[in-house]
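The values are calculated or read from the model by the stated rules, or taken from the named source; none is laboratory data. The model shown is predicted, which means the values in this text are computed figures rather than measured ones. FYI the Cβ positions are ideal-geometry reconstructions off the backbone, even for glycines, and counts take in every protein chain you see. The accessibility values were calculated without ligands, DNA or RNA, using every heavy atom of the protein model including side chains. Shrake-Rupley method; radii C 1.70, N 1.55, O 1.52, S 1.80 Å.
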Amino acid sequence: LDTQTSRVVQFGHADFRNGALLRLHDATINPCTPIPAAASSIHQIYDSDVADAPTFGMASKGIASLLECADERAAPILCAYNGIRYDVPLLNAEFERHCVSTRIDAARVLDPLVWLKFHRRHWPSRSLAAASERFGYRLGAAHRASADAEATGTILCRMIEQGMVPDDVNEAFKTQMDMAALLEHEDQLYGRFLYIDRHDNSTLRMGFGKHVGVALGDVPRSYVRWVLTLSDLPSFASSELRSFL
């Protein structure tokens, strides 16, 4: 999970236009290092599967041409689920490692997870699979690159259809940047434990567990006392919780 040291073993993309899937593609990549068993258990890609695959260096020009939006007539908008925190820095590290000049600008990547953390913070899970189900899409081969890409594109299209994400791309990028800054500030104060109501700044809600989304004043005191015993509780969150006892 370290974006600076991890390696790509599969690159996949899904092309959408006007809400419809146009193209789906996977490319297996040889990371030139043994794939950890823990990773293989998730994506089902093993050393034998990549033995004859091209390295990232060999595939980098093709990957870069996709990400650099070479077609000026209809430059694509990049989208990745949790891409700002993971996919973008991971790919940029691989490009740098292989002396490829391409760099992805995270500020120009739409990340549905940012929007869901802001607008759907009360959901018990915001994993790609859980989000797909919420939007009425069945995620097939989870953790295969192209399947995840197709699910991500589908979720984004449905979020735009529902008005959660603006259909003007520049407005969407600016709104996403503002939300990401607010979420970062919130995380520094409360971690995963609490979040600020999206319509009432004076109300705090439980951010995890069986009472996720419940206003702090309505959470059972016994549960609040239990949360206060957790070792990773930030001091600001602890102070707020104690004020409700």
Which value in nm describes the separation of the simple spin-label points at D178 and R126, placed 7 Å from the Cα toward the beta carbon? 1.8
So the pair-distance distribution of the chain, from every Cα-Cα distance in 5 Å bins, comes to percents of 1, 6, 12, 15, 16, 15, 13, 10, 7, 4, 2, 1, 0
Near K210, which lysines are there with a Cα under 29 Å away, not counting those fewer than 8 places off in the same chain? K117
So, with points 7 Å from each Cα along the Cβ direction, the S238-H98 label distance in nm works out to 4.7
In whole µm²/s, the translational diffusion coefficient that Stokes-Einstein assigns to region 44-178, given a Kirkwood hydrodynamic radius over C-alpha pairs, 10 °C and 1.306 mPa s, equals 97
Run the paramagnetic zone check for E133: 7 angstrom along Cα to Cβ, then residues of region 140-170 with backbone nitrogen under 18 Å. 140-144, 148, 151-152, 155
Report, to the nearest whole %, how much of the accessible area of the chain belongs to carbon and sulfur atoms, 1.4 Å probe, protein only. 52
Per residue, what accessible area does the chain have, given a 1.4 Å probe and all protein chains present, in Å²? 56
Give the accessible area for H25 in Å² (nearest 10); use a 1.4 Å probe, count only protein heavy atoms, and leave out ligands, DNA and RNA. 90
Net dipole in debye of region 121-218 [+1 Lys, Arg Cβ; -1 Asp, Glu Cβ; about Cα centre; nearest 20]: 460
Which is farthest toward the positive dipole end of the chain among A172, A151, S239, measuring Cα position about the Cα centre, with Cβ charges +1 (Lys, Arg) and -1 (Asp, Glu)? S239
CD proxy, 222 nm, the chain: helix-only mean residue ellipticity via -39,500 (n - 2.57) per DSSP H run with n ≥ 4, per residue, nearest 500, stands at -12500 deg cm²/dmol
Can you list the DSSP H helices in the chain whose Cα atoms extend at least 27 Å along the helix axis and whose mean Kyte-Doolittle hydropathy is 0.0 or higher? none
Taking every DSSP beta bridge with both residues inside the chain, roughly what % is antiparallel (nearest 5)? 80
